[in-house]
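**Student:** Sending over a structure as structure tokens; questions will come in a sec.
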Amino acid sequence: MASTNKKILIIEDEALMLRSLSDKFREEGFSVLEANDGANGLDSALANHPDIILLDIIMPKMDGLTVLGKLRQDEWGKEVPVIILTNLSDSDKVAEAMKNRAYDFLVKADWKLEDIVRKVKEKLAKD
């Protein structure tokens, strides 16, 4: 197993989804940070400076779009790649996420774990 030495932060409130994503990224050699609500996710992002963030929108304490907006106000956070991973396919939310420079907006039901990993690797390969 090749190690990427890349650090990913997964901010997701669904325990099963969080565990599935974390396990998959660890298998792929990533260092994985987890947060199960937006407030903890934002704190973790600013403290640990991951290489990329997977971010859910609908979460307790702080929703994903608020997290993204706050990240973009931070000197480090304004450049970090963020992939929105949500069950929402609401065009207003998509537009707001893209306005805050989300790298991509994936609807969970449309993507398999392998595809999500590939998206993350594609983005990290570009940087």
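The values are calculated or read from the model by the stated rules, or taken from the named source; none is laboratory data. Small disclaimer: the values here were computed from a predicted structure and weren't measured. All Cβ positions, even for glycine, are placed from backbone atoms using ideal geometry, and neighbour counts span all protein chains on display. For accessibility, only protein heavy atoms count, side chains too; no ligands or nucleic acids. Shrake-Rupley method; radii C 1.70, N 1.55, O 1.52, S 1.80 Å.
**Student:** Kindly write out, for the range 94-99 in residue order, the coupling ³J(HN,Hα) from the Karplus curve 6.51 cos²θ - 1.76 cosθ + 1.60 (θ = phi - 60°), rounded to whole Hz, with x marking Gly and Pro.
**Tutor:** 4, 4, 5, 4, 5, 4
**Student:** Related question: Roughly how many debye, to the nearest 20, is the charge dipole of the range 21-92 about its Cα centre, given +1 on each Lys and Arg Cβ, -1 on each Asp and Glu Cβ, and no other charges? Numbers along the way, then the final one.
**Tutor:** On the way: 6 positive and 14 negative charges, 21 e Å.
Around 100 debye, computed over the range 21-92.
**Student:** Points 7 angstrom from Cα along the Cβ direction at Glu34 and Ser91: gap in nanometres?
**Tutor:** About 3.7 nm, to one decimal.
**Student:** Which cross-chain or sequence-distant (5 or more) residues have an amide H under 5 Å from the amide H of Leu106, H modelled 1.01 Å from N in plane?
**Tutor:** Sorted by chain and number, the residues that satisfy this are Ile84, Leu85, Thr86.
**Student:** Rounded to whole Hz and in sequence order, give me ³J(HN,Hα) for the range 68-84 from the Karplus expression 6.51 cos²θ - 1.76 cosθ + 1.60, θ = phi - 60°, writing x for Gly and Pro.
**Tutor:** 4, x, 5, 4, 5, 7, 8, 4, 6, x, 6, 9, 5, x, 10, 10, 7
**Student:** At 1.4 Å probe size, with every protein chain present, just tell me what the per residue accessible area of the chain comes to in Å². Provide the component values of the computation, followed by the final result.
**Tutor:** Numbers: 6410 Å² over 127 residues.
With the other protein chains kept in place, the chain gives 50 Å² per residue.
**Student:** Sort 42-50, 62-70 for me by packing, meaning the mean count of neighbouring Cβ atoms within 10 Å per residue, highest on top.
**Tutor:** Going from most to least packed, we get 62-70, 42-50.
**Student:** Next question, about the same structure. Sticking with the crude label model, points 7 Å out along Cα→Cβ, report the distance from Arg72 to Leu124 in nm, one decimal please.
**Tutor:** 2.4 nm
**Student:** Shifting gears a bit: Order these peptides, 103-114, 21-32, by their mean beta-carbon neighbour count within 10 angstrom, highest first. Kindly include the intermediate steps, with their values, before the conclusion.
**Tutor:** Details: 103-114: 13.8, 21-32: 17.3.
Packing proxy ranking, top to bottom: 21-32, 103-114.
**Student:** Over the chain, what percent of the accessible surface lies on carbon and sulfur atoms, probe 1.4 Å?
**Tutor:** Working: 3000 of 6410 Å².
Ligands and nucleic acids excluded, carbon and sulfur give 47 percent.
**Student:** At q = 0.15, 0.21, 0.22, 0.25 Å⁻¹, work out log10 I(q)/I(0) for the range 35-127 with the Debye formula, treating every Cα as an identical point scatterer and leaving solvent out; two decimals please.
**Tutor:** After summing over all Cα pairs, the log10 values are -0.52, -1.07, -1.18, -1.47.
**Student:** Would you compute, from DSSP H runs of 4+ residues alone, the mean residue ellipticity of the chain at 222 nm, taking -39500 (n - 2.57) per run and dividing by the full residue count, rounded to the nearest 500?
**Tutor:** Details: 5 runs with 56 residues, N = 127.
My calculation for the chain gives -13500 deg cm²/dmol from helical runs alone.
**Student:** Something else about it: Could you give the length gained by full extension between Arg101 and Ile58, i.e. 0.36 nm per residue of separation minus their alpha carbon distance, to one decimal place? Kindly include the intermediate steps, with their values, before the conclusion.
**Tutor:** Working: separation 43, 0.36 × 43 = 15.48 nm, distance 1.83 nm.
Gain on extension, Arg101 to Ile58, equals 13.6 nm.
**Student:** Which ³J(HN,Hα) values, rounded to whole Hz and listed in residue order, are derived for the range 105-110 from phi using the Karplus coefficients 6.51, -1.76 and 1.60 in 6.51 cos²θ - 1.76 cosθ + 1.60 with θ = phi - 60°, glycine and proline given as x?
**Tutor:** 9, 10, 8, 3, 4, 8
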